[in-house]
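Have a look at the structure below before the remarks.
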Amino acid sequence: MAIDFHSRANRNTYASRRADTGWKDAMRRIVDPSDKRVADIGCGGGIYSRAWRELGARTVTGVDFSRAMVDAAREQSAGRADVSFQQGDAAATGLPAASADIVFQRALIHHLRDYGPCFGEARRVLAPGGTLVVQDRTLDDVRLPGSAEHLRGYFFECFPRLLAIETGRRPTDAAVRAALDAAGFVKVGTTVLWEVRKVHGGWQKLEQDLAKRTGRSILHDLDDKELAELIACIDKQLPAAGPVVEKDRWTVWSAVA
Ligand SMILES: C[S@@+](CC[C@H](N)C(=O)[O-])C[C@H]1O[C@@H](n2cnc3c(N)ncnc32)[C@H](O)[C@@H]1O
């Protein structure tokens, strides 16, 4: 069963991590965040909302359709001036027209059946000349083989049925470009990003992290017995000692309103 974003039990799933410096460098190469108004759509617990502020954005408004996520984001961002959160759908954010210079959507669009309403709303919210940044994993990104750095590849090698779920929901470059074009965006570009998700002190730390299923929504589709099997399966593949640097490959689309 897929993760329920509205359940309070999952509210901290996308809340407590910090964005990696490599991600920040990549965003700076795509768009200058200094003094910009950023809208982070599908913000979850606000990890990247806070990161945009750290990048120099003037204000960041996170929007998520889950009340539980918005509450977690507010808790995690307490005391941070100029980072605020509100409940709203990606297709109807409630944000004023032309109120953002950058609209950011990370790990959002693979949850949507139709990108059109979401990109149309992003274009409405962006000031003319503003930039939409969409970060998600295509099926090609997901299908990369497992390795010490690309742990997620093992998920599919050990449990091929998880790949069937991904096949049904992951965006293709062509579909995203077509939807951006239809929404009236111009200057569409893509970048490949290897983002460090977490550095685990060693296999045991990683094992504990996996057992809690933190932040890996696809693992919500495994029951406890299968999760133990997955951990045993990865255990066979990884070097016994040393830190494990967990990375994911992402595709980042940028487009101008
Ligand atoms: C995988 S999480 C990513 C959270 C955050 N962007 C990050 O990268 O850490 C996807 C988020 O999108 C939100 N979401 C899914 N569909 C949405 C929709 N139609 N409108 C607004 N938010 C949505 C979920 O509640 C969840 O918080």
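The values are calculated or read from the model by the stated rules, or taken from the named source; none is laboratory data. What you see is a predicted model, and the numbers here were worked out from it, not measured in a lab. Don't worry about glycine lacking a Cβ; one is built from the backbone with ideal geometry, like all the others, and counts go over all protein chains shown.
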Residues (within 12 Å of the ligand (Cβ to nearest atom), of a type in the set (A, V, I, L, M) and modelled with pLDDT under 75) located in the stretch 1-41 = 2, 3, 15
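Out of all the residues in the stretch 30-39, is one or more part of a helix (DSSP H, G or I) and touching a residue at least 60 places away in the same chain (Cβ under 8 Å)? Quick ask: steps written out before the conclusion?
We begin by selecting, within the stretch 30-39, every residue part of a helix (DSSP H, G or I); these are 30.
Next cut, touching a residue at least 60 places away in the same chain (Cβ under 8 Å) only: 30.
Checked the stretch 30-39: at least one residue is part of a helix (DSSP H, G or I) and touching a residue at least 60 places away in the same chain (Cβ under 8 Å).
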Being of a type outside the set (A, V, I, L, M) and either buried (at least 24 other Cβ atoms within 10 Å of the Cβ) or touching a Ser or Thr at 6+ places or on another chain (Cβ under 6 Å) (or both), is that true of even one residue in the stretch 15-31?
-> no
Any hit, the stretch 228-241, residues being within 16 Å of the chain's Cα centre (by Cα) and within 15 Å of residue 152 (Cβ to Cβ) | no
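Has the stretch 154-164 got any residue that is of a type in the set (Ser, Thr, Tyr), within 22 Å of residue 140 (Cα to Cα) and surrounded by fewer than 19 Cβ atoms within 10 Å (Cβ to Cβ)?
no
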If only one of 46, 62 is near the ligand (Cβ under 9 Å from one of its atoms), farther than 21 Å from residue 123 by Cα and under 18 Å from the mean Cα position of the chain (by Cα), which one is it?
-> 46
Which number in (1) within 12 Å of the ligand (Cβ to nearest atom); (2) buried (at least 22 other Cβ atoms within 10 Å of the Cβ); (3) not hydroxyl-bearing (Ser, Thr, Tyr) marks the one condition that residue 57 misses?
-> (1)
Is it true that some residue in the stretch 76-95 is within 12 Å of the ligand (Cβ to nearest atom), of a type in the set (A, V, I, L, M) and in a helix (DSSP H, G or I)?
-> no
Could you grab me the full set of residues in the stretch 114-136 that are surrounded by 21 or more Cβ atoms within 10 Å (Cβ to Cβ) and part of a loop (DSSP other than H, G, I, E, B)?
-> 115
So residue 67 fits all but one of (1) more than 12 Å from the ligand (Cβ to nearest atom); (2) surrounded by fewer than 18 Cβ atoms within 10 Å (Cβ to Cβ); (3) among the basic types (Lys, Arg); what number is the exception?
-> (1)
